Amino acid sequence: VQTPRGEAYSAAKLASYRAANRPVFVDATAAWCITCLVNEDAVLSQPDIKAAFAGKNVVYMVADWTNQNPEITALLKDNGRSGVPMYLYYAPGAQKPNVLPQILTGAGVLAAING
């Protein structure tokens with residue numbers, strides 16, 4: 001399922017992409033999360049960030065926690081968070097994701113996906 005920004009998150013899809021050695025960026029967000037909206041507008045929707053994701057063939061998954069989805073709640077807990085925003089970058093072959101800060105910068109996102 002495509003969302004306006006990316007593919008809807010599911011643990012099964014994430015596992016499938018990781019098994020295929022694809023890099024994956026997970027954007028755990030919610031409609032009521034002001035920080036999420038600011039990060040999306042100021043960083044994630046910027047042309048240079050989108051181009052970098054495309055250039056690295058990064059799967060962009062949106063984990064929409066607006067209605068407190070239990071699968072996303074589990075993802076948050078697994079990564080030491082109790083709420084959104086949470087940004088995870090799974091590099092190909094990495095055991096654990098890189099957990100990005102709650103306040104994103106373009107440079108931080110690019111550094112994460114460029115290794």
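The values are calculated or read from the model by the stated rules, or taken from the named source; none is laboratory data. Just so it is clear, the structure is predicted and the values come from calculations on it, not from any experiment. So basically every Cβ, Gly included, is an ideal-geometry build from the backbone, and we count neighbours across all protein chains shown. Calculation scope for accessible area: heavy atoms of the full protein, side chains included, ligands and nucleic acids excluded. Shrake-Rupley method; radii C 1.70, N 1.55, O 1.52, S 1.80 Å.
For first residues located in segment 14-40 and within 21 Å of residue 91 (Cα to Cα) and in a loop (DSSP other than H, G, I, E, B), partners that are open to solvent by 60 Å² or more (accessible area, probe 1.4 Å) and among the charged types (D, E, K, R) and lie 6+ apart or on another chain with Cβ distances below 9 Å form the pairs 23/56.
Could you list, in sequence order, the residues of segment 1-46 that are polar (S, T, N, Q) and out of contact with any Pro (no Cβ under 8 Å at 6 or more places or on another chain)? Result: 2, 3, 10, 16, 45, 46. Go through the residues of segment 3-12 one by one and say whether even a single one is in a helix (DSSP H, G or I), of a type outside the set (Lys, Arg) and open to solvent by 50 Å² or more (accessible area, probe 1.4 Å). Yes.
Within segment 60-72, can one find any residue that is part of a helix (DSSP H, G or I), crowded, with 19+ Cβ neighbours inside 10 Å and within 14 Å of the chain's Cα centre (by Cα)? Checked against the condition, which is being part of a helix (DSSP H, G or I), crowded, with 19+ Cβ neighbours inside 10 Å and within 14 Å of the chain's Cα centre (by Cα), segment 60-72 yields at least one hit. Residue 42 meets each of the listed conditions (1) closer than 18 Å to residue 99 by Cα; (2) open to solvent by 30 Å² or more (accessible area, probe 1.4 Å); (3) touching a Gly at 6+ places or on another chain (Cβ under 9 Å); (4) of a type in the set (A, V, I, L, M) apart from (1).
Look at (1) farther than 14 Å from residue 29 by Cα; (2) loosely packed, with under 13 Cβ neighbours inside 10 Å and you find that residue 53 fails only one, number (2). Considering segment 87-106, the residues that are within 16 Å of residue 44 (Cα to Cα) and without any contact (Cβ under 8 Å) to a residue 60 or more places away in the chain include one that is surrounded by the most Cβ atoms within 10 Å (Cβ to Cβ), namely 100.
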